[in-house]
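Asks: Got a structure here, written out as C-alpha cells. Questions coming.
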Amino acid sequence: MRILLLEDERDIREPLAALLRHQGHEVDEAGSLAEAREAVIEAEPDLAVLDVMLPEGEDAGFRFAKELREAGYSGPILFVTARDAVEDRVAGLDLGGDDYLTKPFSLKEFAARVRALLRRQSRVHSSVFERGPLKVDYAARRVFWDGREVSLSAREFALLELFTLYPDRVYDAEELLDRLFPGTDSGLRIVRVYVHRLRQKLGPEVIATVPGGYRLGLA
Ligand code: CA
C-alpha cells in the first residue's frame with residue numbers, strides 16, 4: 001500500500017516511515033503542506049497520515065485533510081497530533097478524518113491503527129445496501145434517502161456503515177465509542193451527537209433506540 005506521511009518533525013517522521021517501509025509499504029514522506037501536495041499529485045495514497053501542527057499553521061493538517069477530500073480522495077486519514085481537546089477531535093473527524101492518535105504514542109499503537117485502517121480500506125465493498133428509503137453505496141461512499149443524495153461526514157458514514165453491515169445487531173454506546181473513536185476517552189456524548197446527526201440528515205427512524213443501545217431502525 002502507498003502511504004502519505006505528513007509530519008514536520010523528523011525525529012517522529014523517520015521512525016514511522018521506517019516502520020511502514022519495514023512492513024512493505026511505499027511511503028511518501030512530507031515535512032510540509034507543499035511537499036504533501038506534490039506527493040499527492042504524483043500518486044494518490046491508500047492512506048494519509050497527517051500531523052496537525054505544521055510550519056504552515058497550527059491546524060494546517062486539518063486544512064490539508066479538507067483539501068484532500070475536496071480533491072476526491074476517499075481513502076482513510078489518520079491524524080497524529082499533540083492536540084487532545086474533544087472539540088479538536090470532532091473538528092478533525094468532521095473534516096474527513098477516520099482516526100486520531102494523540103502524541104506521544106508507541107510505534108506499536110501506530111502500527112495497529114494503520115493496520116486497521118488499511119484493512120478497512122482494502123475491504124472495498126462493491127455492494128449496495130437498500131432498505132426502505134435508505135440506500136448506501138459502499139464503494140462510492142454515497143448515501144441516498146428517498147432517492148435524494150445526502151452528504152455525510154466520514155465519521156457519520158462510518159457509523160451508518162456499521163449499522164447497515166449488521167442491520168439486526170444492537171450496538172451499545174460504549175461499543176460505538178470504541179469503534180468510532182478507538183483509544184480515546186471522548187465520552188459517550190459524542191456517540192449521541194453522531195446518532196442525532198444521522199437522524200437529522202436522513203430520517204429520525206434511521207437509527208432506533210432499543211433496550212441495550214441502538215440498531216438500524218428500518219424494517
Ligand atoms: Ca508538527
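The values are calculated or read from the model by the stated rules, or taken from the named source; none is laboratory data. Note that the structure is a prediction, hence the values are computed from the model and not measured. With ideal geometry, Cβ positions are generated from the backbone for all residues, glycine too; neighbour counts draw on all protein chains shown. Ligands, DNA and RNA are stripped out before the accessible areas are found, and what is left, the full protein with its side chains, is counted by its heavy atoms. Shrake-Rupley method; radii C 1.70, N 1.55, O 1.52, S 1.80 Å.
Asks: Answer yes or no: is there a residue in segment 15-30 that is basic (Lys, Arg), open to solvent by 10 Å² or more (accessible area, probe 1.4 Å) and in contact (Cβ under 8 Å) with a residue 12 or more places away in the chain.
Replies: As a first pass, look at segment 15-30 and keep what is basic (Lys, Arg): 21.
Okay, now just the ones that are also open to solvent by 10 Å² or more (accessible area, probe 1.4 Å), so 21.
Among the residues that remain, those that are also in contact (Cβ under 8 Å) with a residue 12 or more places away in the chain are: none.
Within segment 15-30, none of the residues are basic (Lys, Arg), open to solvent by 10 Å² or more (accessible area, probe 1.4 Å) and in contact (Cβ under 8 Å) with a residue 12 or more places away in the chain.
Asks: So which of Arg119, Arg141 ends up being assigned by TED's automatic domain parsing to the domain that holds Glu70, surrounded by fewer than 15 Cβ atoms within 10 Å (Cβ to Cβ) and modelled with pLDDT under 90? Talk me through it step by step, then tell me what you get.
Replies: On the way: Arg141 fails: assigned by TED's automatic domain parsing to the domain that holds Glu70.
Just a single option satisfies the conditions, and that option is Arg119.
Asks: Further question on the same structure: Here is a list of conditions, (1) over 16 Å from the mean Cα position of the chain (by Cα); (2) closer than 26 Å to Arg113 by Cα, and Ile207 meets all of them except one; can you say which number that is?
Replies: (2)
Asks: Is it the case that Gly213 is open to solvent by less than 20 Å² (accessible area, probe 1.4 Å) and more than 22 Å from Asp94 (Cα to Cα)? Spell out how you get there, then give the answer.
Replies: On the way: open to solvent by less than 20 Å² (accessible area, probe 1.4 Å): yes; more than 22 Å from Asp94 (Cα to Cα): yes.
Here the answer is yes, as Gly213 does meet what is asked.
Asks: Which pairs turn up if I take residues in segment 36-58 that are surrounded by 17 or more Cβ atoms within 10 Å (Cβ to Cβ) and look for partners that are part of a helix (DSSP H, G or I) and among the aromatic types (Phe, Trp, Tyr) with beta carbon separation below 7 Å, at least 6 apart in sequence or on another chain?
Replies: Ala36/Phe64; Leu50/Phe64; Val52/Phe62
Asks: Looking at segment 146-170, I want the residues that are assigned by TED's automatic domain parsing to the domain that holds Arg197 and have a partner that is surrounded by fewer than 13 Cβ atoms within 10 Å (Cβ to Cβ) with Cβ atoms under 7 Å, at least 6 apart or on another chain. Which pairs are those?
Replies: Hits for this filter: Val170/Val210; Val170/Gly212.
Asks: Determine whether Gly203 is at pLDDT 90 or above and open to solvent by less than 10 Å² (accessible area, probe 1.4 Å). Spell out how you get there, then give the answer.
Replies: Working: at pLDDT 90 or above: yes; open to solvent by less than 10 Å² (accessible area, probe 1.4 Å): yes.
Yes.
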